[in-house]
Amino acid sequence: MSDTFNAVLPAEWAPQSGIQLTWPHAGTDWAYMLTEVQACFAAIAREIAQRELLLIVTPEPEEVKKQISATVNMQNVRFMECETNDTWARDHGAITMLDSEGASLLDFMFNGWGLKFASDKDNLITRQAVEAGFLNGRYVNRLGFVLEGGSIESDGLGTLLTTSECLLSLNRNGQMSRDEIEDYLCSVFHLKQVLWLNHGYLAGDDTDSHVDTLARLCSPDTIAYVQCTDTQEHYEALHQMEEQLKTFRTLNGNPYRLLALPMVDKIEEEGERLPATYANFLIMNDAVLYPTYRQPENDQRAKEVLQEAFPEYEIVGIDCRALIKQHGSLHCV
């Protein structure tokens, strides 16, 4: 591999060529509510393919075509046929780095969020996608380190935002200390600083507090985060997170502009609280897709906050009540 001294981990708002969805099927945990979740995926696919290329990973491409061809711009859709365990492309997908010669596609180990779920098929998707030509770039094997895309946020300038609970989980890279993990991340991603969030969680979350459920970089100087004003279950952890965010500084030494997203009102399934969050939005080239939960006041407030964060972008809500039944949301898929 050539010298990548100038390699950067791009921010999500950097120009992008396409987006990957890994489609739900009867062999996934979605089997009991397949029609409902496939309708949600179809709505996401419709919004993506209106604007950008969409890669759909599925063991049954002809079946997915039947589900979406009437409503989705199929000229912008590519299908990759392969076996999958589940649907969380944010976490099993490639992590792209850019340098003067183009893209490097880093393939980290995905182990089902710390060995909680089967991931043997999902962990092979990135290599297969590169070898089959669906992803264009230099394949880089990083399978010796466990890392999910939803656990890191980049400003594209050398700052990484992450959470201690996830990256320091014993079931991920437990043989490494925090300093060793930080040194590794700085070396691989050419970072200048790592901002560790030590607080914040959502009840029902399987990911050990992925940062994309809690706090998101929206520009080099702006972070949108989940604010809890209800003094019940989440207040202490999210208040401590808010206070820590106030202490963070950009590479220029300035405090971040903090934009507070509302907390979703409690949503339960069989007595269990689901980890619904407005922080789980997807930044595209000209639009931001964000999850809604049929809570009109909260949904509208979240849209207003995101419009403030992304004044030049179209802000598009998608009902993601189906997704949170398996403990994720829009950005996660």
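Residue-level check: of (1) surrounded by fewer than 18 Cβ atoms within 10 Å (Cβ to Cβ); (2) modelled with pLDDT under 95, Gln326 misses just (1). The numbered conditions (1) out of contact with any helix residue (DSSP H, G or I) (no Cβ under 8 Å at 6 or more places or on another chain); (2) open to solvent by less than 20 Å² (accessible area, probe 1.4 Å); (3) within 24 Å of Trp23 (Cα to Cα) are all true for Glu148 except (1). In segment 156-167, the residues that are open to solvent by 10 Å² or more (accessible area, probe 1.4 Å) reach residues that are at pLDDT below 95 with C-beta atoms within less than 6 angstrom, at least six apart or across chains, in these pairs: Glu165/Asp208; Glu165/Ser209. In the condition set (1) among the charged types (D, E, K, R); (2) in contact (Cβ under 8 Å) with a residue 24 or more places away in the chain; (3) surrounded by fewer than 17 Cβ atoms within 10 Å (Cβ to Cβ), Asp91 is compliant with all but (3). Selection of first residues in segment 320-333 that are in contact (Cβ under 8 Å) with a residue 60 or more places away in the chain and among the charged types (D, E, K, R) and of second residues that are surrounded by fewer than 24 Cβ atoms within 10 Å (Cβ to Cβ) and not in a loop (DSSP other than H, G, I, E, B), restricted to Cβ pairs under 7 Å at least 6 apart or on distinct chains, gives the following pairs, ordered by first then second residue: Lys325/Met33; Lys325/Glu269.
Just one of the numbered conditions (1) open to solvent by 60 Å² or more (accessible area, probe 1.4 Å); (2) within 26 Å of Gly158 (Cβ to Cβ); (3) more than 21 Å from the chain's Cα centre (by Cα) is not true of Phe248: (1). As a summary of the residue check, Leu106 satisfies the conditions (1) within 22 Å of the chain's Cα centre (by Cα); (2) not in a strand (DSSP E or B) except for the one numbered (2).
Each residue in segment 53-71 was checked for being crowded, with 17+ Cβ neighbours inside 10 Å and either within 30 Å of Gly158 (Cβ to Cβ) or in contact with a Leu (Cβ under 8 Å, 6 or more places away or on another chain) (or both), and 4 pass.
Scanning segment 171-213 for residues that are open to solvent by 50 Å² or more (accessible area, probe 1.4 Å), touching a residue at least 24 places away in the same chain (Cβ under 8 Å) and part of a helix (DSSP H, G or I) yields Asn171, Tyr184.
Quick grid of which residues meet (1) farther than 24 Å from Gly27 by Cα; (2) charged (D, E, K, R); (3) modelled with pLDDT of 95 or more:
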residue: Leu98; (1), (2), (3): yes, no, yes
residue: Gly112; (1), (2), (3): no, no, no
residue: Asn123; (1), (2), (3): no, no, no
residue: Asn141; (1), (2), (3): yes, no, yes
residue: Leu147; (1), (2), (3): yes, no, yes
residue: Leu160; (1), (2), (3): yes, no, yes
residue: Ser169; (1), (2), (3): yes, no, no
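The values are calculated or read from the model by the stated rules, or taken from the named source; none is laboratory data. It should be emphasised that the depicted structure is a prediction, and the values quoted were computed from it without experimental measurement. Glycine also receives a Cβ, built like all others from the backbone with ideal geometry; neighbour counts cover every protein chain displayed. Note: accessible area is taken over every heavy atom of the protein model, side chains too, but ligands, DNA and RNA are not part of it. Shrake-Rupley method; radii C 1.70, N 1.55, O 1.52, S 1.80 Å.
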